[in-house]
Amino acid sequence: MATIAVLGTMDTKGEEHAFVANLIRQRGHRVLVIDTGTLDAPKLQPDITRQEIASAAAADLNALVAKMDRGEAVAAMSHGAPIVLASLVAEKRIDGVISLGGGGGTAISTAAMRALPVGFPKVMVSTLASGNTAQYVGVKDIVMFPAVVDVAGINRISRQILTRAAGAICGMVESVPTPGEDKPIIVASMFGNTTDCVQASKRILEDAGYEVLVFHATGTGGRAMESLIESGLVAGVLDITTTEWADELVGGVLGAGPTRCEAAARHGVPAIVAPGCLDMVNFGARETVPAKHADRIFYQHNPQVTLMRTSPEECADLGRILAEKVNLSTAPVTVLLPRKAISVISAPGQKFHDPIADRILFTTLKTYLRKDIELVELDCNINAPEFAKACAEKLLANIAKRKAA
């Protein structure tokens, strides 16, 4: 028997949460009701009250209610709910969480869910689940369940949706993963254009006794990798594909934010860094590319993805940015440069081959890089076996240095 938190605004969505709570109990599980409402009295009696949630955020609920400022009330609950929910998980008092909501409820409950570990069961039934959910999910494994109709009573549609959602969270808490062999973790960044390099490096690192987790450098992937590094669970970082910085700088669709490449540096995790795929900026279909880029060089990766070659000027900026991020390092780190190509399509004879832009990227990076940081240049392309081998071996050496320090 597991305990599932039913989290939500029990004043406006109490009936619906009660329906889900009863379904969970019918499956033989316990329910812990958490109220984040701030308007009327709760329609479902909570085990953890709204006053307790507000108190966790150091907020005065009575003052918030008196002001009748819904935005401020939602903000307070969005600060308090993560604290309370994370504490419940740490104390092993709950095994999963489910919530139902519209805009405000989704904001509060997903803020709480993002405070929980990856792998902990989380289901959010939301009226916003069919749109862009990146701001609600972040880098965590929140299951966004489309409500289809508004969460406003039990009807022929909501009855089906809520029943399936209750079944989903019950199934998740009942499906406990089998523990595997815990090997030290190395995280790696990869794109289609650096796959051969990462896969070859991964085999060497696995043979050395590490578990290698690969993250797709699509913005979300980079943020997820940085988050895992910050958690303290990572022994080393194979950051071969730093392409997200090209999107961040130029305005592509796969930027990972201004702190990409900082987690390993700031948290003292050994790393290797390479300028993989900094020759490309990602956009959607060709017609979505901003008009200001009309005269640039493009590569149609597929009908939904258009790649734009970074210019020499952009490469100068990228070299400086990458050096500045690496310069933050407090653990052993090595920068590796493949002089012949930084992606499949920047090799000689390929669409993005631009030796001038690449030379500017490398020169600027070397100019700004801290002089005590190891830099290795290889006369090959990024997917060459010798480059992959050098990346893996340098990372293993940096990990050994860190252990010996």
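Using the structure shown, list the pairs from Lys183/Lys403; Lys366/Lys389; Lys43/Lys122; Lys13/Lys140; Lys183/Lys340; Lys340/Lys394 with a Cα-Cα distance above 27 Å, or answer none.
Lys183/Lys340
Take the Cβ atoms of Ala400 and Asp47, set R0 to 56 Å, and the FRET efficiency comes out at 0.65. Fewest-first ordering of Lys292, Lys366 by other beta carbons within 10 Å of each residue's beta carbon gives Lys292, Lys366. The residue list Thr195, Leu23, Ile157 was ranked by how far each Cα lies along the charge dipole of the chain toward its positive end, using unit charges on Cβ atoms, and Leu23 comes out on top.
Could you put Val125, Val305, Val198 in order, starting from the residue whose Cβ has the fewest other Cβ atoms within 10 Å?
By the 10 Å Cβ count, ascending, the order reads Val305, Val198, Val125.
Look at the alpha carbon pairs under 8 Å that are at least 6 residues apart: their mean separation over the length of the range 185-404 gives a relative contact order of 22 percent.
At R0 = 22 Å, how high is the FRET efficiency between Ala134 and Thr195 if r is their beta carbon distance? Nearest 0.05 is fine.
For R0 = 22 Å, the calculated efficiency reads 0.35.
Computed extension gain for Glu386 through Ala152, at 0.36 nm per residue and net of the alpha carbon distance, reaches 78.2 nm.
Among Tyr136, Tyr299, a tally of other beta-carbon atoms within 10 Å of each Cβ gives an order, fewest to most, of Tyr299, Tyr136. Highest-first packing order for the peptide set 273-282, 340-349 is 273-282, 340-349, based on the mean count of other beta carbon atoms within 10 Å. With an 8 Å cut-off on Cα pairs and a minimum separation of 6 or more residues, tell me the relative contact order of the chain in percent. The normalised contact order for the chain reaches 11 percent. At the listed q of 0.08, 0.16 Å⁻¹, the Debye profile of the range 185-404, built from one uniform point per Cα, gives log10 I(q)/I(0) equal to -0.24, -1.02. Which angle from 0 to 90°, rounded to the nearest 10, does the C-alpha axis of helix 195-207 make with the longest principal axis of the chain? Long axis of 195-207 versus the principal axis of the chain: about 80 degrees.
Each label point was placed 7 Å from the Cα along the Cα-to-Cβ direction; for Thr363 and His293 their separation is 2.5 nm. Look at the dipole of the chain built from charges on Cβ: of Gly104, Ala404, Ile169, the Cα furthest out on the positive end belongs to Ile169.
Rounded to a whole number of µm²/s, how large is the Stokes-Einstein D of the range 3-174 at 4 °C and 1.567 mPa s, given Rh as the Kirkwood radius over C-alpha pairs? The Stokes-Einstein estimate is 83 µm²/s.
Projecting label points 7 angstrom from Cα along Cα→Cβ for Arg203 and Arg30 puts them 5.0 nm apart. Remark: the range 194-238 is approximated by an ellipsoid whose semi-axes, taken from the C-alpha gyration tensor as √(5λ), come to 19, 15, 5 Å, largest first. Panel values: the range 77-193, Kirkwood radius from alpha carbon pairs, Stokes-Einstein at 25 °C and 0.890 mPa s, translational diffusion coefficient 157 µm²/s. With both labels modelled 7 Å from their Cα along Cα-to-Cβ, the Arg70 to Glu174 distance reads 3.8 nm. Distance between the C-alpha centres of the range 68-120 and the range 8-47: 14 Å, rounded to the whole angstrom.
A simple charge model with +1 on the Cβ of Lys and Arg, -1 on the Cβ of Asp and Glu and nothing else charged puts the dipole of the chain at about 320 debye relative to its Cα centre.
Averaging the sequence gap over all C-alpha pairs within less than 8 Å and six or more residues apart, then dividing by the number of residues, gives the range 3-174 a relative contact order of 23 percent. A simple charge model with +1 on the Cβ of Lys and Arg, -1 on the Cβ of Asp and Glu and nothing else charged puts the dipole of the range 259-369 at about 180 debye relative to its Cα centre. Using θ = phi - 60° in the Karplus curve 6.51 cos²θ - 1.76 cosθ + 1.60, the 3J(HN,Hα) couplings for the range 94-99 round to 9, 10, x, 9, 9, 9 Hz; x is entered for Gly and Pro.
Given R₀ = 51 Å, FRET efficiency for Gln160-Asp379 by Cβ-Cβ distance, to 0.05? E between Gln160 and Asp379, to the nearest 0.05, is 0.25.
Every read-out reported here was derived from the displayed coordinates using simple, explicitly stated rules and does not represent laboratory data. Just so we're clear, the structure is a prediction, and the values are computed from it rather than from any experiment. Cβ coordinates were reconstructed from backbone atoms using ideal geometry, including for glycine residues, and neighbour counts include every protein chain displayed.
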